[in-house]
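> Got a structure here, written out as structure tokens. Questions coming.
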């Protein structure tokens, strides 16, 4: 059974004792949809978003009308209404199908976790059905915004993967060092209970850089995205691990003007990274400090027997990669800085990145940012962001929820 439904029904049955009259007394709420509600809905969409569970019969009628591959997302705030619908209508086939999903919580990360089960259908042809309930207007809009943000993020992710599929395969086959270098599985749990500081290249690093310079590094592991390697070194901060996964040739430029690396720096690399990165690591004499993540496809091509034990996923971005590495090493707690995923203080990158990488100067121009929406920062202030950052934010929420260490 779909665990989301089982848990929600238990909550509705055992904890919510107020009568249905209390939650349905509004004239704006209907317990029963019209008999032909589902008949008026086009059954050729991939996914359907239903506002209000009512007595459930209209949802059952819709379920019977649509394709066996289509999915339904129900948005309903009141669990007492869910309880009533489950008592009035047989949902067993819908729940067993794992194609009907209930959202009753406005928490962004929880919504993302549930919608993961929809796979990629929400970024295809979606229909928002006629609204059954007119109350909880602000709450419904909040949930709908989270659903659409998730769909946008998935769409961006899939388009990126398709667009980069050719160069990804080329990079995998170019990186012959994969055969001779260590696999990152050997690092599992080697730094248990150490504190990890995971550094990304968000604008807030303008404030955090000085704090990082003066931080006590005893029993602290510093993990940095490749973008931050040179800026950190220029500020006399030496990372312990540097992560890289960028497919693009330009990623090799992050090593520009670096003539020597401290012996303590290790590189953890996604096999699909552009070979320019591997080439520069070799030229700097750091190949023995390079560890690859496993690529099942490349293992098959190279006939490398590989156990699944000790492997971990790099995620969508190098920031997710760094967080996963910290978990893999056994670090606890994990402190994340520079993970803005928005244009904090009206900037794309912090000043230290522009100082280290002059070729990123175009990113100073807001006209190149493709701002598409506003979000709230930690201080509840509006800051601009775009679809790419929203995709990252969605993935980060899931990484946080699935983390073994909080």
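Taken together, the values in this text are just the output of simple stated rules run on the coordinates, not laboratory data. These figures come from a predicted structure and were not determined experimentally. Note that we place each Cβ from the backbone using ideal geometry, even for glycine, and neighbour counts take in every protein chain shown.
> Please give, to one decimal in nm, the separation of the simple spin-label points placed at residue 302 and residue 69, each 7 Å out from Cα toward the Cβ.
In this crude label model, residue 302 to residue 69 measures out at 3.6 nm.
> Hey, rough spin-label estimate for residue 386 and residue 42, points 7 angstrom out along Cα→Cβ, what's it come to in nanometres?
It is 3.1 nm.
> Report the antiparallel proportion of the DSSP beta bridges in segment 176-402 as a percent, rounded to a multiple of 5.
15
> Packing-wise, with mean Cβ within 10 Å as the measure, how do 374-381, 173-180 rank, highest first?
Descending packing order for the listed peptides: 173-180, 374-381.
> Candidates (1) 48.9; (2) 27.7; (3) 22.7; which is the computed mean projected area of the Cα convex hull in nm²?
Here the calculated entry is (3).
> Cα centroids of segment 57-103 and segment 214-269: how far apart, whole angstrom?
50
> Counting other C-beta atoms within 10 Å, which of 139, 37 has the fewest, and how do the rest follow?
Final ranking by Cβ density, sparse to dense: 139, 37.
> So for segment 88-172, Kirkwood radius off the Cα pairs, Stokes-Einstein at 4 °C and 1.567 mPa s: how many µm² s⁻¹?
85
> Show that you can apply the helix-only estimate: for the chain, add -39,500 (n - 2.57) for every DSSP H stretch of four or more residues, divide by all residues, and state [θ] at 222 nm to the nearest 500.
-11000 deg cm²/dmol
> Assuming 0.36 nm per residue, please report the length gained on full extension of the stretch residue 110 to residue 374 beyond their Cα-Cα distance.
This chain segment gains 93.0 nm when fully extended.
> Would segment 334-393 count as rounded, prolate or oblate if I go by the C-alpha gyration tensor, calling it rounded below 1.5 in a/c and otherwise prolate when a/b exceeds b/c, oblate otherwise?
Taking the square roots of the gyration eigenvalues as a ≥ b ≥ c, segment 334-393 is oblate.
> Relative to the longest principal Cα axis of the chain, at what angle does helix 137-163 sit, 0 to 90 degrees, rounded to 10?
The two axes meet at around 50 degrees.
> Okay, moving on. Give me the angle, in degrees from 0 to 90, between the Cα long axis of helix 3-14 and the longest principal axis of the Cα atoms of the chain, rounded to the nearest 10.
Computed tilt is about 50 degrees.
> Could I ask something else about it? What's the ranking of 282-288, 338-344, 99-105, 256-262 by average number of surrounding C-beta atoms within 10 Å, highest first?
By packing density, highest mean first, the sequence is 338-344, 99-105, 282-288, 256-262.
> Rounded to the nearest 0.05, what FRET efficiency do residue 180 and residue 365 give with R0 = 35 Å and r taken as the Cβ-Cβ distance? Could you check?
Step by step, r from the Cβ atoms, then E = 0.25.
> What list do you get for 363, 349 if you sort them by fewest beta carbons within 10 Å?
In order of increasing Cβ crowding within 10 Å: 363, 349.
> Restricting the count to DSSP beta bridges whose residues both fall in the chain, what percent are antiparallel, rounded to a multiple of 5?
The antiparallel fraction comes to roughly 15 percent.
> Just check segment 35-140 against the gyration tensor rule for me: Cα atoms, a ≥ b ≥ c as the square roots of the eigenvalues, rounded for a/c under 1.5, and otherwise prolate or oblate depending on whether a/b exceeds b/c.
rounded
> May I pose another question? Could you list 53, 66 so that the one with the fewest beta carbons within 10 Å of its beta carbon is first and the one with the most is last?
66, 53
> Relative to the longest principal axis of the C-alpha atoms of the chain, give the angle of the C-alpha long axis of helix 79-88, reported between 0 and 90° and rounded to the nearest 10°.
For 79-88 against the chain, the angle is about 50 degrees.
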